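Here's the structure we're looking at; comments come further down.
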Amino acid sequence: MKSVKLLEKTFKALANKKRLDILYLLFKEKHMAVVDIAESIKLSQKSTSKHLFALYHAEFLDKERIRGLTIYRINDKLNDEGKFLIVLLRKFC
C-alpha cells in the first residue's frame, strides 16, 4: 500500500510544469535556496514553497537549513531512472 501512495505522489508531482522546471533547474544547479528557485521560475516564494513541498514528499528532493535558508537539491537516493525521467520530461515541456 505504501508503494501505491508513493507512486500516486510521484505522478502528482510530475503532473505540473513548474515542478518539472524546478526539478530540471536543481538537476543542473545541484542545490538552491527557495528564494533563488522562485526567482528563476518567476513565481512567488509562497507558490514555489508549495511546489517544493510536493516534490519533497514525493521523494524527489532533499532539503536542509543553512543560516536561515532552506536549501533544496535532488535526492541523492533518486535512482538513475528517476534522474533520466526528469531530463526526459523536461525535454517535452
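Structure values in brief
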item	result
Matching residues in region 19-59 - criterion: being modelled with pLDDT under 95 and charged (D, E, K, R)	ARG19, ASP21, LYS28, GLU29, LYS30, GLU59
Subset tally (residues that are within 21 Å of LYS5 (Cα to Cα), out of contact with any Ser or Thr (no Cβ under 7 Å at 6 or more places or on another chain), open to solvent by less than 60 Å² (accessible area, probe 1.4 Å) and assigned to a loop (DSSP other than H, G, I, E, B)) for region 53-93	3
Subset of region 64-85 [closer than 13 Å to LEU26 by Cα and among the β-branched types (Val, Ile, Thr)]	ILE71, ILE74
Neighbours by Cβ (under 6 Å, 6+ apart or cross-chain): first from region 58-70, in contact (Cβ under 8 Å) with a residue 24 or more places away in the chain and on the phi > 0 side of the Ramachandran plot; second in a loop (DSSP other than H, G, I, E, B) and open to solvent by 40 Å² or more (accessible area, probe 1.4 Å)	none
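The values are calculated or read from the model by the stated rules, or taken from the named source; none is laboratory data. Computed from a prediction, not measured in an experiment: that's the story for all the values here. Don't worry about glycine lacking a Cβ; one is built from the backbone with ideal geometry, like all the others, and counts go over all protein chains shown. Keep in mind that these areas ignore ligands, DNA and RNA; they rest on the heavy atoms of the full protein, side chains included. Shrake-Rupley method; radii C 1.70, N 1.55, O 1.52, S 1.80 Å.
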